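Let me give you the structure first, and then I'll get to my questions.
The values are calculated or read from the model by the stated rules, or taken from the named source; none is laboratory data. Keep in mind the model is a prediction, meaning the values are calculated, not measured. Note: ideal-geometry Cβ built from the backbone for every residue, glycine included; neighbour counts use all protein chains shown. The area values use the complete protein model at the heavy-atom level, side chains included, leaving out ligands, DNA and RNA. Shrake-Rupley method; radii C 1.70, N 1.55, O 1.52, S 1.80 Å.
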Amino acid sequence: MPTSKSDSAIDLPDLAATDALGRRLAKALRRGDVVALKGGLGVGKTTLARAIVAELSPDLGDVPSPTFTLVQTYPVELSDGPAELWHFDLYRLDRPDQVYELGIEDALAEGVSLIEWPELAAGLLPEEQILTIELQIMSGQARRAQLSGGAAWRERLAGLS
Ligand SMILES: Nc1ncnc2c1ncn2[C@@H]1O[C@H](COP(=O)(O)OP(=O)(O)OP(=O)(O)O)[C@@H](O)[C@H]1O
Ligand SMILES: [Mg+2]
């Protein structure tokens, strides 16, 4: 079946590889982008998100974790100018439409959104805008990242692997 989706798999043998992927991806991000981070507990979603934030706001020092908050925002410098980065962790979302209370509309319109557990807001996220990164534990520190996105991501995905 023909598809407009682009896919690529990237092996991440250790933490440094995950950090490097996050930093490469960070440089490709534009206002309005949505990165959905999927995969089970402890697979490395937050680790990847932190690498992205660290690359885009180098003055931040240690990036705090949104463990007890559903969303955390950071001022960042994208390749096309300043923006707000929104890091959502929807694991503790009570119901999908709670994402509106978290400010998802502003994030989607003007910011860059990194979303852990996007499944919990299923149907409320703009599929066309989304780059999905599904992480999988291989063994020890080894992970595999499966990246898939719509037409807007095709060229950028080619530059990431
Ligand atoms: N290659 C790797 N990439 C990412 N994390 C790794 C890797 N190797 C080991 N780790 C470790 O795995 C753990 C991943 O935890 P992290 O909080 O990023 O997972 P998570 O997917 O966000 O989990 P949760 O679903 O609970 O939010 C960290 O302790 C990290 O140091
Ligand atoms: Mg996490």
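Just a yes or no: is a residue in the range 102-114 touching a helix residue (DSSP H, G or I) at 6+ places or on another chain (Cβ under 6 Å) and open to solvent by less than 80 Å² (accessible area, probe 1.4 Å)?
Yes, there is a match, as at least one residue in the range 102-114 is touching a helix residue (DSSP H, G or I) at 6+ places or on another chain (Cβ under 6 Å) and open to solvent by less than 80 Å² (accessible area, probe 1.4 Å).
Looking only at the range 81-101, count every residue that is small (Gly, Ala, Ser) and either surrounded by 13 or more Cβ atoms within 10 Å (Cβ to Cβ) or at pLDDT 95 or above (or both) and tell me the total.
Going residue by residue through the range 81-101, those that are small (Gly, Ala, Ser) are 81, 83.
Next, only the ones that are either surrounded by 13 or more Cβ atoms within 10 Å (Cβ to Cβ) or at pLDDT 95 or above (or both) stay: 83.
Residues that pass the stated criteria total 1.
Would you check if TRP117 is out of contact with any Pro (no Cβ under 8 Å at 6 or more places or on another chain) and on the phi > 0 side of the Ramachandran plot?
yes
Taking interchain pairs and intrachain pairs at least six residues apart, which have beta carbon atoms under 6 angstrom, with the first residue in the range 23-51 and in contact (Cβ under 8 Å) with a residue 60 or more places away in the chain and under 14 Å from ILE10 (Cβ atoms) and the second basic (Lys, Arg) and outside any helix (DSSP H, G or I)?
GLY44/ARG143
If you scan the range 3-38, which residues turn out to be near ligand 1 (Cβ under 10 Å from one of its atoms) and under 12 Å from the mean Cα position of the chain (by Cα)?
Passing the criteria: LEU21, GLY22, LEU37, LYS38.
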